[in-house]
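Visitor: Here's a structure for you.
The values are calculated or read from the model by the stated rules, or taken from the named source; none is laboratory data. Because the structure is a prediction, the values reported are computed rather than measured. Positions of Cβ are generated from backbone atoms using ideal geometry, with glycine treated the same way; all protein chains shown enter the neighbour counts. Remember, those area values only see protein heavy atoms, side chains included, never the ligands or the DNA or RNA. Shrake-Rupley method; radii C 1.70, N 1.55, O 1.52, S 1.80 Å.
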Amino acid sequence: MRHLKGGFKLGRKPAHRKALLRNLAGNLIEQNRIETTITKAKAVKPIVEKMVTLGKSGTLASKRNAMAYLYKRKTVQKLFDEVAPRFMDRNGGYTRIIRTDFRKGDGAEMAILEFVDYKYEVKDKKATEKAKAKK
């Protein structure tokens with residue numbers, strides 16, 4: 001029995017799971033919004049929250065800790081320069097999970113994981129067509 005055994009296994013071996021979560025966390029920091037399955041979103045949410053908390057401290061040690069987890073220097077730079085300063089007055093709860101439709105191929109329940117201050121912009125089709133026509 002798995003009583004009190006927390007965490008998500010995601011049907012992967014530990015190394016594969018760790019790589020998946022690192023990639024999802026990095027992509028969320030770079031893009032501010034990702035679409036994935038509900039279970040993956042729930043698994044990566046606490047990791048991203050901890051990364052933003054590291055970014056808020058801004059020390060060299062926290063940068064090294066973030067770099068050890070996220071791999072990419074560009075991602076860590078964005079975390080410390082752009083993402084973390086947006087949440088300086090907030091004590092946790094930096095991300096949200098929005099449930100969406102089911103995936104067409106296998107019927108998996110999908111979700112959008114985004115930062116709470118993310119602003120969705122609707123692009124006007126006519127304006128983009130006019131801009132293309134001018135070029």
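Visitor: Which of (1) surrounded by 15 or more Cβ atoms within 10 Å (Cβ to Cβ); (2) touching a residue at least 12 places away in the same chain (Cβ under 8 Å); (3) not aromatic (F, W, Y) is the odd one out, the single condition N27 does not satisfy?
Guide: (2)
Visitor: Criterion first (open to solvent by 70 Å² or more (accessible area, probe 1.4 Å), in contact (Cβ under 8 Å) with a residue 40 or more places away in the chain and charged (D, E, K, R)) does K63 satisfy it? Outline the logic, then answer.
Guide: Numbers: open to solvent by 70 Å² or more (accessible area, probe 1.4 Å): yes; in contact (Cβ under 8 Å) with a residue 40 or more places away in the chain: no; charged (D, E, K, R): yes.
No.
Visitor: A follow-up question, please. Pick out the one residue from R103, R99 that is surrounded by fewer than 15 Cβ atoms within 10 Å (Cβ to Cβ), in contact (Cβ under 8 Å) with a residue 60 or more places away in the chain and within 16 Å of the chain's Cα centre (by Cα).
Guide: Details: R103 fails: within 16 Å of the chain's Cα centre (by Cα).
That would be R99, the only listed residue that is surrounded by fewer than 15 Cβ atoms within 10 Å (Cβ to Cβ), in contact (Cβ under 8 Å) with a residue 60 or more places away in the chain and within 16 Å of the chain's Cα centre (by Cα).
Visitor: Continuing with this model, one more query. Sort through Y118, Y69 and tell me the only one that's of a type in the set (S, T, Y) and outside any helix (DSSP H, G or I). If you could, list the steps in order and put the result at the bottom.
Guide: On the way: Y69 fails: outside any helix (DSSP H, G or I).
Residue meeting the stated conditions: Y118.
Visitor: Another question, then. Could you check E82 against (1) assigned to a loop (DSSP other than H, G, I, E, B); (2) free of Cβ contacts under 8 Å to residues at least 24 places away in the same chain and say which number it fails?
Guide: (1)
Visitor: Give me the residue from the stretch 34-47 that is closer than 22 Å to G105 by Cα and of a type in the set (K, R) and, out of that set, surrounded by the fewest Cβ atoms within 10 Å (Cβ to Cβ).
Guide: Here the residue is K42.
Visitor: Right, another one. Quick one: is K50 assigned to a helix (DSSP H, G or I), open to solvent by 60 Å² or more (accessible area, probe 1.4 Å), within 16 Å of M110 (Cβ to Cβ) and not polar (S, T, N, Q)? So that I can check it myself, show each step before the final result.
Guide: Values: assigned to a helix (DSSP H, G or I): yes; open to solvent by 60 Å² or more (accessible area, probe 1.4 Å): yes; within 16 Å of M110 (Cβ to Cβ): no; not polar (S, T, N, Q): yes.
No, not satisfied.
Visitor: Mind counting the residues in the stretch 21-47 that are in a helix (DSSP H, G or I) and either farther than 23 Å from E82 by Cα or of a type in the set (F, W, Y) (or both)? Before you say what the answer is, go through the steps one by one.
Guide: Residues of the stretch 21-47 that are in a helix (DSSP H, G or I), as a first pass: 21-31, 38-47.
Imposing the further condition that a residue be either farther than 23 Å from E82 by Cα or of a type in the set (F, W, Y) (or both) reduces the set to 38-40, 42-43.
So the count comes out to 5.
Visitor: Is it the case that some residue within the stretch 6-20 is part of a strand (DSSP E or B) and surrounded by 13 or more Cβ atoms within 10 Å (Cβ to Cβ)?
Guide: No - not one qualifying residue is present in the stretch 6-20.
Visitor: Please give the number of the condition Y69 fails out of (1) open to solvent by less than 70 Å² (accessible area, probe 1.4 Å); (2) under 20 Å from I112 (Cβ atoms); (3) of a type in the set (F, W, Y).
Guide: (2)
Visitor: Now for a different question. Could you please tell me which pairs satisfy a Cβ distance under 7 Å, a separation of 6+ or placement on different chains, a first residue in the stretch 41-60 that is over 13 Å from L28 (Cβ atoms), and a second residue that is of a type in the set (S, T, Y) and in a helix (DSSP H, G or I)?
Guide: Correct list of pairs: L54/S62.
Visitor: So which pairs qualify, if the first residue must be in the stretch 116-131 and at pLDDT 75 or above, the second must be open to solvent by 100 Å² or more (accessible area, probe 1.4 Å) and assigned to a loop (DSSP other than H, G, I, E, B), the Cβ gap must be under 7 Å, and the two must be at least 6 apart or on different chains?
Guide: none
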